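The values are calculated or read from the model by the stated rules, or taken from the named source; none is laboratory data. All of these numbers come straight from a predicted model, not from anything done at the bench. Every residue, glycine among them, receives a Cβ derived from its backbone with ideal geometry; neighbour counts consider all protein chains shown. Side chains included, ligands, DNA and RNA excluded: accessible areas come from the protein's heavy atoms. Shrake-Rupley method; radii C 1.70, N 1.55, O 1.52, S 1.80 Å.
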Amino acid sequence: MKLPSRGTCLALVLGLVSLESMAHGLATRELNPILQPVFLPVYLDLNRAEGWQFEHRLFVTNTYQEQSRGGESLVIDIENYRYEFSPRYRRGDWLLRLNLPLVASREGQLDTLIEDWHDFFGLPQGGRPAAERDQIDIEYRRDGVVEFVQGDASDGLADVSLTLGYHPPGETGYFLGIELPSGAEEDFSGNESIDWGIWLQREVILDENTQLYGLLGIGFPGDDGALADLLAERVWVVQLGVDYRFHERLVATLQFDLHSAWFDDSDLKAFRDSLQMQLGLGIDRAFGKQRLDLFFSEDIQVGSAPDISFGARLSRPF
């Protein structure tokens, strides 16, 4: 399957929406290119509108990591593009959501921008300036065995997921998600395994302009695929955030994403506990009546997640 160009994906995101959304919170997660096919719970906005709603998200993630400890070594030098189309249907307190992702792996077109960003904020470069530009290089070795390797561009349909949720007004929401093996290991778009997860999420309205929200969940990686023998039996996920409306059309979001170790017995930061910070700006009626959210993430715990991810979201309720 040939993935559309970046420009085509962006045009699709901007063109498929036409009505206002009450979306809040950010459905983000760590996008480590090796572990991206593993399902993790993510915060879902709890729009009360009955019927159908369409959400479109675009993520651009740039990663350079070089880690070595004990019998393990890891190099990740890649840029990932991920587009997600998520139709959702709500009736009363129940909702059903389908997530259809397309992924592409490319050379690091944003390398120079990321280096300048790190210089401006005094963040560590992690070996970026000495690395060769415009290449794809991923290799994970463990006790002398190559567990994962990628050196070429790839694209395709990633693993499709389905989520069922129950959320009464003003109460905690309960969610169950399952990810199907629609992607393929040969093009790095899936782990050819059935993953699933369960989670709770809650929102607290402090005043007419401020809202807190959070998620507590567990992801259960499948027992098939190349990395199945290395993955932890479960991955704990916590997301905490605040939305603040500082203008009738503008909402600022600060969100923290945490998760436990991917691997039970790895000493590398990339596979251990992770902490990311998300900063977002929501624009109501940005194009006609639709809602646009722009955001980016930084690895607060350096080396535990991709260096930076940029994202955009638009949604369309009926």
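At-a-glance table
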| read-out | value |
| --- | --- |
| Unmet criterion (only one of (1) exposed (fewer than 13 other Cβ atoms within 10 Å of the Cβ); (2) in contact with a Ser or Thr (Cβ under 8 Å, 6 or more places away or on another chain)) for VAL235 | (1) |
| Inter-residue pairs, beta-carbon under 6 Å, first in contact (Cβ under 8 Å) with a residue 12 or more places away in the chain and in the range 275-299, second open to solvent by less than 50 Å² (accessible area, probe 1.4 Å) and basic (Lys, Arg), 6+ apart | ASP284/ARG291; ASP293/ARG313 |
| Of all residues making up the range 172-191, the number that are within 30 Å of VAL204 (Cβ to Cβ) and surrounded by fewer than 20 Cβ atoms within 10 Å (Cβ to Cβ) | 5 |
| Scan of the range 141-161 for residues that are in contact (Cβ under 8 Å) with a residue 60 or more places away in the chain and either assigned to a strand (DSSP E or B) or on the phi < 0 side of the Ramachandran plot (or both), ordered by number | ARG141, ARG142, GLU147, PHE148, GLN150, ASP155, GLY156, LEU157, ALA158, ASP159, VAL160, SER161 |
| Given (1) open to solvent by 20 Å² or more (accessible area, probe 1.4 Å); (2) at pLDDT below 90, number of the condition ASP93 does not satisfy | (2) |
| The range 91-107, residues that are touching a strand residue (DSSP E or B) at 6+ places or on another chain (Cβ under 7 Å) and among the charged types (D, E, K, R) | ASP93, ARG97, ARG106, GLU107 |
| Qualifying positions in the range 251-310 - closer than 14 Å to GLU30 by Cβ, small (Gly, Ala, Ser) and within 16 Å of the chain's Cα centre (by Cα) | SER260, ALA270, SER274, SER297, SER304, ALA305, SER309 |
| All positions within the range 279-301 that are part of a strand (DSSP E or B), among the basic types (Lys, Arg) and open to solvent by 60 Å² or more (accessible area, probe 1.4 Å) | ARG285 |
| Residue selected from the range 96-109 under the condition touching a Ser or Thr at 6+ places or on another chain (Cβ under 8 Å) and open to solvent by 30 Å² or more (accessible area, probe 1.4 Å), by the criterion nearest to GLU185 (Cα to Cα) | LEU100 |
| Residues within the range 49-77 that are touching a residue at least 60 places away in the same chain (Cβ under 8 Å), of a type outside the set (A, V, I, L, M) and in a loop (DSSP other than H, G, I, E, B), tallied | 2 |
| Candidate set: the range 162-171, residues that are open to solvent by 40 Å² or more (accessible area, probe 1.4 Å) and in a strand (DSSP E or B); chosen: the one nearest to PRO101 (Cα to Cα) | LEU162 |
| Count - residues of the range 168-195 that are farther than 30 Å from ARG106 by Cβ and out of contact with any Asp or Glu (no Cβ under 6 Å at 6 or more places or on another chain) | 8 |
